[in-house]
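Heads up: the structure comes next, in structure tokens.
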Amino acid sequence: GKKLGFTFNNRNLHNVSLGQGQEVVAEQALDLAAKEGHWVILQNIHLVAKWLSSLEKKLEQHSEGSHQDFRVFISAEPAPYPQSHIIPQGILENSIKITNEAPTGMQANLHGALDNFSQDTLEMCSQEKEFKSILFALCYFHAVVAERRKFGPQGWNRPYPFNSGDLTISVSVLHNYLQASSKVPYDDLRYLVGEIMYGGHITDDWDRRLCKTYLEEFIKPEMLEGELLLAPGFPLPGNMDYNGYHQYIDEALPPESPYLYGLHPNAELGFLTRSSEQLLRTVLELQPRDSSTGEGGVGTREETVKDLLEEMLEKLSDEFNMAELVAKVEQRTPYAVVALQECERMNVLTGEIKRSLLELELGLKGELTMTGDMDSLQNALFLDMVPESWGRRSYPSTASLGTWFTDLLARINELDAWTGDFSLPSTLWLGGFFNPQSILTAIMQTTARKNKWPLDRMALQCDVTKKSREDFASPPREGAYVHGLFMEGARWDAQAGLITDARLMELTPAMPVLFIRAIPADKQDTRGMYPCPLYKTRQRGPTYVWTFNLKTKDNPAKWVLAGVALLLQV
């Protein structure tokens, strides 16, 4: 305090944790501190968003005429999204801002996890060897789940707010269990940590499986026998003191790589590529909207958009005539119903595309007043982005507008060919459906009706063929052939008929044609199988479609930790 020109003692401090009606107490503390030259600490101001304007006025009021030693310290949690920034600009402009960045990289995260404890912690349990081993494994587990977020959807389907409190409570539970029992209750510990302490944050079933698998790999009897590898080249350390563990991390932990998380190096390439694309798109969005490209350029913004919309309108075919299609259907089989539903949804999308493009065309000609929606459409077309009104009526996609529109035309052609006589195509483009679940359900319905099996006791069996789409001239007698799938996190070895490690730089290798058929659920063979989730896009999460069992020689846990999934679009 003396270095800053004022004196300070504990009697001069007013510490207010906001929330639960503490705003009045905070205002009283500010008034007294401004008069007497005290310090005020206001914690968790993100919890009192409505009061922040009053706080701003109060601070402005005390900015003049208050005691020279008066200081205010404010703390808040970081906002998860830009839309959640609630601290008034006036407070931010008049503050000295300090941020506490979370550690990055496995080494910093592992040191940070261990920093929550001390030598006294390591010595507080009677079963010292067991306690130390599991505590270090929990620290590594905490570092892994926290830092895995940087790999995006391949890391976690959804981001979760794992924090040091989850770790310290887990260690307390570990201590209590070991004190009460002579045997280590591995199952109980894994359940409490994975389903409650950390699992309490998790909302996605596949993320829950990932968390559970990590704990099954890190906390098991082998850890006390010196045979457990937390990562390739990083064995669980033996009995050490507190400083010894920190030194072990510095000396033994391999260099930062996706292998430390159970992921393939391609995961980092994908993450860096997406980050670069996002950066470049942001730079593109920052360019002036009304500038000409100048002499020798391709024309103005409006001319570019006009050429694009004319091209799109020319390429779009007429909408499907639903009355004619319904009349053409002799028998409303499950497959025919799916085809009609897809045509209806395609009509809704293409109808909106044509309406909005024609409206914008009139606006650019000066025959209609430009509205906010038309301006947004023009901006999206120029930036090669799918317009919001189209996206709402469309299917999930991460593609740019040019790629998305080419994909749309391909989908229309597939539907056009299918509805010619409503006979099932030789192979189905599963990614070409608005609702891929509908065609997979139709496969089960068709088989159930044919064999008189109960639908709720059936499952889909996935057999990966060694052929490509061109090798099939007709559909199978039962089930369907599907193509257009990709694998992320690994690859399919067509010769061996197994999942195997991906090749470097091949982020999403294509799958051969899959033979999908329905069987009774109790006839499923799950031995040597990896339950592989299928998603519509690389965003994963809410784009989940189905689960296919794929053959593997390796332990399925390897592919769980690697985030292996099938994708319909890349």
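The values are calculated or read from the model by the stated rules, or taken from the named source; none is laboratory data. All figures in this text were calculated on a predicted structure; none of them were measured in a lab. Glycine also receives a Cβ, built like all others from the backbone with ideal geometry; neighbour counts cover every protein chain displayed. Surface areas here come from the heavy atoms of the whole protein model, side chains and all, with no ligands, DNA or RNA. Shrake-Rupley method; radii C 1.70, N 1.55, O 1.52, S 1.80 Å.
For the range 425-569, count all C-alpha to C-alpha pairs, find those more than 23 Å apart, and express that count as a whole percent of the total.
Value for the range 425-569: 34 percent of Cα pairs lie more than 23 Å apart.
Scan the range 294-396 for trypsin sites (Lys or Arg not before Pro) in coil per DSSP, keeping those whose Cβ has at most 16 other Cβ atoms within 10 Å, and list them by number.
Filter output for the range 294-396: ARG332.
Semi-axes, largest first, in whole Å: what does sqrt of 5 times each Cα gyration tensor eigenvalue give for the chain?
Calculated on Cα positions only, the semi-axes equal 50, 39, 21 Å.
Please calculate how many Å² of accessible area the range 370-502 carries per residue, with a 1.4 Å probe and no DNA, RNA or ligand atoms counted.
47 Å²
Shape call for the range 124-178 from the C-alpha gyration tensor, a ≥ b ≥ c root eigenvalues: rounded (a/c under 1.5), prolate (a/b greater than b/c) or oblate?
Prolate is the answer for the range 124-178, as a/c is 1.5 or above and a/b outweighs b/c.
Just to verify a number: FRET efficiency for MET529 and GLU359, C-beta to C-beta distance, R0 = 60 Å, to 0.05?
0.70
Nothing charged except the Cβ atoms of Lys and Arg (+1) and of Asp and Glu (-1): what's the magnitude of the dipole of the range 425-569 about its Cα centre? Round to the nearest 20 debye.
Value, rounded to 20: 260 debye.
D for the range 67-130, whole µm²/s, Stokes-Einstein with Kirkwood Rh over alpha-carbon pairs at 25 °C and 0.890 mPa s: what number?
Estimated diffusion coefficient is 150 µm²/s.
Loop only by DSSP, 13 or fewer other Cβ within 10 Å of the Cβ. Give me the GluC sites (Glu not before Pro) in the range 25-113 that pass, ordered by residue number.
GLU64, GLU101
Antiparallel versus total DSSP beta bridges in the chain: what percent is that, nearest 5?
The antiparallel fraction comes to roughly 65 percent.
Which of the chymotrypsin sites (Phe, Trp or Tyr not before Pro) found in the range 481-570 are in a DSSP loop and have at most 14 neighbouring Cβ atoms, other than their own, within 10 Å?
none
Rounded, prolate or oblate, given the Cα gyration tensor of the range 299-423, with a/c below 1.5 counting as rounded?
In terms of gyration-tensor shape, prolate.
Run the 1.4 Å probe and let me know the accessible area of THR99, rounded to the nearest 10 Å².
Roughly 110 Å² of THR99 is accessible to a 1.4 Å probe.
Give me Rg/Rg_expected for the range 175-250, where Rg uses Cα atoms only and Rg_expected = 2.2 N^0.38 Å with N residues.
1.25
Cα to Cα, under 19 Å, and not fewer than 8 places away if on the same chain: which lysines meet these conditions relative to LYS183?
LYS129, LYS132, LYS220
Could you provide, to the nearest whole Å², the per residue accessible area of the range 139-269 with probe 1.4 Å?
43 Å²
Check the straight Cα-Cα distances from LYS365 and name the lysines below 22 Å, setting aside those fewer than 8 residues away within the same chain.
LYS306, LYS315, LYS354
Give the carbon-plus-sulfur fraction of the accessible surface of the chain in %, rounded to a whole number; probe 1.4 Å, heavy atoms of protein chains only.
Accessible surface attributable to carbon and sulfur in the chain totals 50 percent.
Given the options GLY489, VAL40, TYR530, identify the residue whose Cα lies farthest towards the positive end of the charge dipole of the chain (+1 on Cβ of Lys, Arg; -1 on Cβ of Asp, Glu).
TYR530
Between SER17 and residues 5 or more places away or on another chain, which pairs have amide H atoms under 5 Å apart, with H built 1.01 Å from N, and which residues are they?
The answer is GLN43.
Hey, could you get me the Stokes-Einstein D for the range 510-570, Kirkwood radius over alpha-carbon pairs, 4 °C and 1.567 mPa s, rounded to whole µm² s⁻¹?
Estimated via Stokes-Einstein, D reaches 101 µm²/s.
How big is the charge dipole of the chain about its Cα centre, in debye rounded to the nearest 20, if each Lys and Arg gets +1 on its Cβ and each Asp and Glu gets -1 on its Cβ?
1340 debye
Answer rounded, prolate or oblate for the range 106-265, using the Cα gyration tensor with square roots of eigenvalues a ≥ b ≥ c: rounded when a/c is under 1.5, else prolate when a/b is larger than b/c, else oblate.
oblate
Dipole of the range 299-423, Cα-centred, from +1 at each Lys and Arg C-beta and -1 at each Asp and Glu C-beta, to the nearest 20 debye?
Value, rounded to 20: 340 debye.
How many angstrom separate the Cα center of the range 396-428 from the Cα center of the range 499-570?
23 Å
A 31 angstrom limit on the alpha carbon distance is what I want to check against. Which of LYS50/LYS150; LYS466/LYS558; LYS97/LYS212 exceed it?
Pairs exceeding 31 Å: LYS50/LYS150; LYS97/LYS212.
Calculate one ³J(HN,Hα) per residue across the range 165-171 by plugging θ = phi - 60° into the Karplus curve 6.51 cos²θ - 1.76 cosθ + 1.60, and present them in order as whole Hz with x for glycine and proline.
x, 4, 5, 5, 5, 4, 5
Cross-link candidates for LYS467: which lysines have Cα within less than 22 Å, leaving aside residues fewer than 8 places away along the same chain?
Within the straight-line cut-off, LYS467 pairs with LYS551, LYS553.
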